[in-house]
Amino acid sequence: KKKKEEETMATAAPKRTLRQMLQKMNVHLPEEDIALFLERLGGDAQAKAWFKQHIHDIQQVLNVTRASVPLVCRVLLDFSVDDAVLEIIRMSQPGKTSTGGPGGGGGG
């Protein structure tokens, strides 16, 4: 692991936006989702911190559920990893939805 890179990022480097950070992490979110996270998490810095904290959770849930990235991220805003998996599985089962309809609407 390259230690000195992190130090320069915190001080000298120009600030990356959430969008740029997500691209670097290979997390592709549409504009409206990025806007949603900035709103829900209280701004760019908090949103970036949240994604850094949750990137492994996001990947884990993605692997298990095969859901879309924006969906996984949105569910993880409100749920723990285990609950997020259950929630997404529940959302993806037609006929059993308590929130939204087919296509996983609802929420927020």
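Structure above, values below:
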quantity	calculated
Heavy-atom SASA rank of Asp78, Asp33, Asp44 (probe 1.4 Å, accessible area, largest first)	Asp78, Asp44, Asp33
FRET E, pair Asp78, Lys15, Förster distance 25 Å, beta-carbon r, rounded to 0.05	0.35
Estimated distance in nm for a label pair at Ser68 and Leu86, the labels positioned 7 Å out from Cα along Cα-to-Cβ	2.5
Three-way shape label, segment 23-86, alpha-carbon gyration tensor, a/c 1.5	prolate
Accessible-area order (highest first, 1.4 angstrom probe) of the listed residues Glu39, Glu87, Glu31	Glu39, Glu31, Glu87
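The values are calculated or read from the model by the stated rules, or taken from the named source; none is laboratory data. Not measured: the values here are computed from a predicted model. FYI the Cβ positions are ideal-geometry reconstructions off the backbone, even for glycines, and counts take in every protein chain you see. For the accessible areas, the whole protein counts, side chains as well, though only heavy atoms, and no ligand, DNA or RNA atoms are used. Shrake-Rupley method; radii C 1.70, N 1.55, O 1.52, S 1.80 Å.
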